[in-house]
Amino acid sequence: MKGTLIIVLSIVFALTTGCVKSKNTPIISEQGSNANKFNISEQTNLNTIKPDSTYDVSSVADEETIDNPFFFKSNLSQFSYKGNFLFDDVVEKDVKLYIREVTKLKHGKLYELKFDSVEGVPDDRLSLGFLYVKEDKIYKIDPTEENLNMLIEKGEVPNDSAIICQNEAIKDTLSEDEQGWHQYLDINGDIREYHSYNNQVETGFYESFVWERNKGLIKYRSGFGAERDSIELRKGQSK
């Protein structure tokens, strides 16, 4: 009798254990499967979320799109010119123009162009100005605090900026003899010539930039009427 009871209890224990295993095994497997699916789904979502284009994408776009063929190549930090300076004395001197990248923006880059000091030339004439370079245009920016903030913080080109290089000519809004501030841009093959001058007074200021495709700025002139306090730079060798 005692032996029979032991056998019965053994059979019951075996059946109970088998049932527990048969019920628990699929539950554990299913939970593991769901967990893996959830993690993969979450990872996929994270990988496909794109960052806000106002910052990250713009910096990438800069490198890809800011390639204006009329501006200096991106690896150039200075350029040599033959200089002719007419101030208190006439000075002919080779000078280096330094090309400093100020900042990268969403649609372009802001540069400052400044050349070596020359005896007798005031400091304010050593700078050719701040240029905003886009893929298809070059602007000269009047470097006031308001203008620079508008460009850098808002990405807007100030209204008083001048387009000094592009693929379309710009006609002077004034007739040749009309007094005022004249500005125009001529197109001649691979050459872009920007000219501006003020003929309201005999000593009005004038300035010109001459750009050549794949060569950059090949000539620059500025000064006042009757060639007073004038600067002329002609293309030398890049470095």
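The values are calculated or read from the model by the stated rules, or taken from the named source; none is laboratory data. Quantities reported herein were computed from a predicted structural model and do not represent experimental measurements. So basically every Cβ, Gly included, is an ideal-geometry build from the backbone, and we count neighbours across all protein chains shown.
Does the range 80-96 hold any residues that are free of Cβ contacts under 8 Å to residues at least 60 places away in the same chain and in a strand (DSSP E or B), and which are they?
The answer is Val90, Val91, Glu92, Lys93.
In the range 116-173, what residues are on the phi > 0 side of the Ramachandran plot and more than 22 Å from the chain's Cα centre (by Cα)?
Gly120
How about the range 97-136: which of its residues are within 21 Å of Ile170 (Cα to Cα), surrounded by fewer than 20 Cβ atoms within 10 Å (Cβ to Cβ) and without any contact (Cβ under 8 Å) to a residue 40 or more places away in the chain?
Gly129
Residues checked against (1) surrounded by 16 or more Cβ atoms within 10 Å (Cβ to Cβ); (2) of a type outside the set (A, V, I, L, M); (3) in the same structural domain as Ser117 (by TED's automatic domain parsing):
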{"residue": "Ile152", "(1), (2), (3)": "no, no, yes"}
{"residue": "Ala169", "(1), (2), (3)": "no, no, yes"}
{"residue": "Asp172", "(1), (2), (3)": "yes, yes, yes"}
{"residue": "Gly180", "(1), (2), (3)": "no, yes, yes"}
{"residue": "Asn188", "(1), (2), (3)": "no, yes, yes"}
{"residue": "Phe209", "(1), (2), (3)": "yes, yes, yes"}
{"residue": "Lys219", "(1), (2), (3)": "yes, yes, yes"}
{"residue": "Ala226", "(1), (2), (3)": "no, no, yes"}
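Can you work out which of the residues in the range 137-150 that are aliphatic (A, V, I, L, M) and closer than 18 Å to Lys114 by Cβ is surrounded by the fewest Cβ atoms within 10 Å (Cβ to Cβ)?
So the residue we want is Leu148.
Identify all residues within the range 121-151 that are basic (Lys, Arg) and either more than 19 Å from Arg221 (Cα to Cα) or not in a helix (DSSP H, G or I) (or both); write none if there are none. Give the steps one after another, and end with the answer.
Filtering the range 121-151 down to residues basic (Lys, Arg) leaves 125, 134, 137, 140.
Scanning the range 121-151 gives Lys134, Lys137, Lys140.
Output the strands (runs of 3 or more DSSP E) that fall wholly within the range 160-231 and possess 1 or more residues being in contact (Cβ under 8 Å) with a residue 60 or more places away in the chain, or say none.
Fully inside the range 160-231 and qualifying: 162-165, 191-198, 205-212, 216-224.
Could you list, in sequence order, the residues of the range 104-115 that are under 17 Å from the mean Cα position of the chain (by Cα) and not hydrophobic (A, V, I, L, M, F, W, C)?
Scanning the range 104-115 gives Lys104, Lys106, His107, Gly108, Lys109, Tyr111, Glu112.
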